[in-house]
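Take a look at the structure below.
Just so it is clear, none of the values below were taken in a lab; they were calculated from the coordinates. What you are looking at is a predicted structure, and each value in this text was computed from that prediction instead of being measured. Cβ atoms come from the backbone with ideal geometry, glycine included; neighbour counts cover every protein chain shown.
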Number of protein chains: 2
Amino acid sequence: MSTREERTLARIALTWLAEPGTRSVARLVDRLGSVAALDLLLDGRAPDEKLRASIAARSADGDPRAVAYDAMARTDRLGARIVTPEDAEWPPGLADLRELRLPGAYRKVDTETAPPLCFWVRGSWPLAEALDRSVAVVGARAATGYGTHIATELGYGLGDRGWTVVSGGAFGIDAAAHRGALTAGGLTVAVLACGLDRPYPMGNAALFDRIADTGLLVSEWMPGAEPLRPRFLIRNRVIAAGTVGTVVVEASARSGATQTGHRALAMPRPTMAVPGPVTSAMSVGTHELLRDYPKARLVTGVAHVLEEVGRIGDDLAPPARGPDRPTDALDDDARSVLEAMPRRGGVGVERLAARAGVDVRTTLRKLSLLEELTLVVRRDDGYALVSTPRPRRATT
Amino acid sequence: MSTREERTLARIALTWLAEPGTRSVARLVDRLGSVAALDLLLDGRAPDEKLRASIAARSADGDPRAVAYDAMARTDRLGARIVTPEDAEWPPGLADLRELRLPGAYRKVDTETAPPLCFWVRGSWPLAEALDRSVAVVGARAATGYGTHIATELGYGLGDRGWTVVSGGAFGIDAAAHRGALTAGGLTVAVLACGLDRPYPMGNAALFDRIADTGLLVSEWMPGAEPLRPRFLIRNRVIAAGTVGTVVVEASARSGATQTGHRALAMPRPTMAVPGPVTSAMSVGTHELLRDYPKARLVTGVAHVLEEVGRIGDDLAPPARGPDRPTDALDDDARSVLEAMPRRGGVGVERLAARAGVDVRTTLRKLSLLEELTLVVRRDDGYALVSTPRPRRATT
């Protein structure tokens, strides 16, 4: 029987030997446990050639167990912790990744969709608790002022209503969402694609420290791991699977943010996109999501987001509508009478009835109503409009 | 047996006695013909009290046949013509209005959905021919610079590709769509809610003259008729039913333009909306259309519009995508090798293979490929990246 430390050590070693998300490794761990899976792989008995080659190449770089042991020590020195499925704080939603089948263009990276083997976590909240009521807010690094504004507002609105904001650690939308949540005193979680001791980008180092103070920094990669480009895409599945829903704020046509959106759709989780000017390259990705996937929902603010992810009866968006107008309550006849009023001067009841196409008795009744609403007045020369600054005639 | 002139005269009189679109009148005309329907109504035998009252009120204002006769003379003087369902140029699509049932909020105005009894038309194109390949471009009067730009582009793009643009005559989106079509030398049709001799708004009078020169001015109301507010909503059904599809460019939450969108959806006709900044009140209506009606399609430009209304195989939108990158053609191994390259300095093949998690032989093969693509170079200290201005690491 292995000890808990041995099992954790094996998970770390496996994560190092093959990139996180590798399906064949996850299947071995499911079947044999992490310790036996590691033994088998180091024995050269990996189930496929590609994995065998990858393990041989990495092993040439160091003894996997020694590397894992070193990573554990380094984790302690960082004030971070390692979280595995054996821990109570392991997020249950990640299990859904096991069944994930990506559509069309993303089938190629299907092998990257297995659940993580372990996480490195910095911050005091239990991970599962932080993610229980959480929304991913993701988007472009090269965000516009518009996108940054929206992401900040969403981060603030979610944080203010007790929802956790989850994002990557990039400039642009990611950072704006975190900042918004922090400003609201909300909980925010940054899921990184490198070691927790390697703030990337460096320019966000102070932001990461603020996040770790009140929220969480999370990574599937051990301390020291570099932010290699494919890792961001592998990381994105955690953002999509670990949250209740995902909002894409701004994204170019082919980008990591739309990929996160696709993964959230495939989970499936509520997947939302914020529209923007069609003249903006940074909204091409969100518009394509909305066009290509009927399940992707257009959202314009935090109320719409809560409508998608909220528990029934909890969070509801008010219907969008114009300002109330006194004429809203009028029936068709009253409206016809009102519209038939001359713009200047008074008018007699019969003449008005003819213009309105309403009989005289009804016209008189409706005129009383309109008087009560102070829309018309009775004068010497007949009935006249009470002048208002609002133009009476609408086109479109 | 009535003459054609008598039948047309009766249609004009009926249009004047009850506002266009009144269902009970349309049903009588269908059953009895226009002459007998007029006789019956003037005899006080209208099928409902409301219509009876309306006819009595209007009749008090003048003899309906004399009014109609006068309207015919006025039409001639204007250089306009009257078009009825007896004419070859009557647009066939309008017949769909007969079956139109509006959803929810619009059920109240259900009585306004019968097909027109006749049109006043100014311009030389046959009406049906002009509308055969047509798209309605509608939206807010108080359009933003963004909306005006988009409407102009759509008008231009449609006109340029041989599609007729149809809109109202309002400031803002309507005028911009017409101007765009005119600039492209395209055909454009303005459907007015008042007499053709009463340009409304006056500020668009010169635009209306330009439209009449090469396109068409159309109205259901006789010369002299005022642009009363309810008429714009009644008019909108003609824009929705007379075209192949409708695009809403900018619209506030409760507006004539969203009403036209609802009517197009109910027809049903392809119904499209252009998104915009969620911070803009002028995009609230288009976003609500897209949120509330799964059949409303998000479009970002003329290519998307043609995809919705185009004959199969005729007009297709190219897929949105980012710029081609040399790394697009790389397989997973080549990409892993490339990503594992140090940012500065050279690296040996074995070290690189270990970092990439790819076996040495494959690494060598992929390095040859990367050399060919001038992404890496072989140097004294091993392989090195060819420096490019493009950042190597992407987040999000």
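Things worth noting here:
- Sites B:Ala206 and B:Met72 - FRET efficiency at Förster radius 25 Å, r taken between beta-carbons, to 0.05: 0.35
- Ascending list, in nanometres, of distances separating the A:Met72 label from those of the other copies (7 Å, Cα toward Cβ): 10.1
- Here A:Arg344, A:Arg11, A:Arg254 are placed in order of increasing Cβ neighbour count within 10 Å, fewest first, which gives A:Arg344, A:Arg254, A:Arg11.
- Note on A:Ser124/A:Glu372: beta-carbon distance plugged into 1/(1 + (r/R0)^6) with R0 of 56 Å gives a FRET efficiency of 0.35.
- Neighbour counts of C-beta atoms inside 10 Å place A:His262, B:His178 in the sequence A:His262, B:His178, starting with the fewest.
- Stretched out straight at 0.36 nm per residue, the stretch from A:Arg45 to A:Asp63 would grow longer than its current Cα-Cα span by 4.8 nm.
- Shielding by partners, peptide A:149-156 (average Cβ within 10 angstrom, other chains): 1
- When both segment B:265-281 and segment B:31-50 are represented by their alpha-carbon centers, they are found 40 Å apart.
- 7 Å along Cα→Cβ, label-point gaps from A:Ala88 to other copies, nm, shortest first: 8.6
- In plain terms, the C-alpha convex hull of the protein assembly as shown casts an average shadow of 39.3 nm² when viewed from every direction.
- For chain B, the spread of Cα positions along each principal axis, largest first, Å: 104, 40, 38
- Separation in nanometres of the label points that stand 7 Å from Cα toward Cβ, at A:Thr279 and B:Asp380: 5.5
- Overall, chain B carries a charge dipole of about 1020 debye about its Cα centre when +1 sits on the Cβ of Lys and Arg and -1 on the Cβ of Asp and Glu, all other atoms neutral.
- Listed by chain and number, the aspartates and glutamates placed with their C-alpha closer than 16 angstrom to that of B:Lys366 are B:Asp328, B:Asp331, B:Asp332, B:Asp333, B:Glu339, B:Glu350; residues fewer than eight positions away on the same chain are left out.
- The protein assembly as shown, dipole about Cα centre (Lys/Arg Cβ +1, Asp/Glu Cβ -1), debye to the nearest 20: 380
- Distance between modelled label sites at B:Thr183 and B:Leu32, nm, 7 Å Cα→Cβ extension: 5.2
- In the elastic network of chain A, a GNM with C-alpha springs shorter than 10 Å, the most mobile of A:Glu129, A:Glu307, A:Glu371 is A:Glu371.
- Descending semi-axes in Å of segment A:79-309, equivalent ellipsoid built from Cα gyration tensor: 24, 20, 17
- Theoretical ellipticity at 222 nm over chain A - DSSP helices of four or more residues, -39500 (n - 2.57) apiece, nearest 500: -13500 deg cm²/dmol
- Residue mean of other protein chain beta carbons inside 10 Å, B:269-280: 5
- Remark: label point of B:Tyr293 defined 7 Å out from Cα along the Cα-Cβ vector; separations to the same position in other copies 2.5 nm, ascending.
- Candidates B:Asp380, B:Asp197, B:Asp70, ranked by Gaussian network fluctuation over chain B, Cα under 10 Å, top entry: B:Asp380
- A:Thr3/B:Ala142 FRET efficiency (R0 60 Å; Cβ-Cβ; nearest 0.05): 0.25
- For the protein assembly as shown, DSSP calls about 35 percent of its internal beta bridges antiparallel.
- Of all the options A:Val166, A:Val135, A:Val25, the one that moves most in a Gaussian network model of chain A with Cα springs shorter than 10 angstrom is A:Val25.
- Likely footprinting exposure, A:Ile82, A:Ile12, fewest C-beta neighbours within 10 Å first: A:Ile82, A:Ile12
- Spread of Cα-to-Cα distances over 5 Å intervals beginning at zero, given as percent, for segment A:1-64: 4, 20, 34, 28, 12, 3, 0
- Per-residue mean of C-beta atoms belonging to partner chains within 10 Å, peptide A:225-236: 4
- Simple rule: put +1 on each Lys or Arg Cβ and -1 on each Asp or Glu Cβ in chain B, find the dipole, and look at B:Ala251, B:Val278, B:Tyr293; the Cα lying farthest toward the positive end is B:Val278.
- In chain A, the beta carbon lying closest to the axis that superposes A onto B belongs to the residue given here with its whole-angstrom distance, A:Pro275, 2.
- Placing unit charges on the Cβ atoms only, positive for Lys and Arg and negative for Asp and Glu, gives segment A:326-385 a dipole magnitude near 220 debye about its Cα centre.
- If both residues of a DSSP beta bridge must be in chain A, then about 35% of such bridges are antiparallel.
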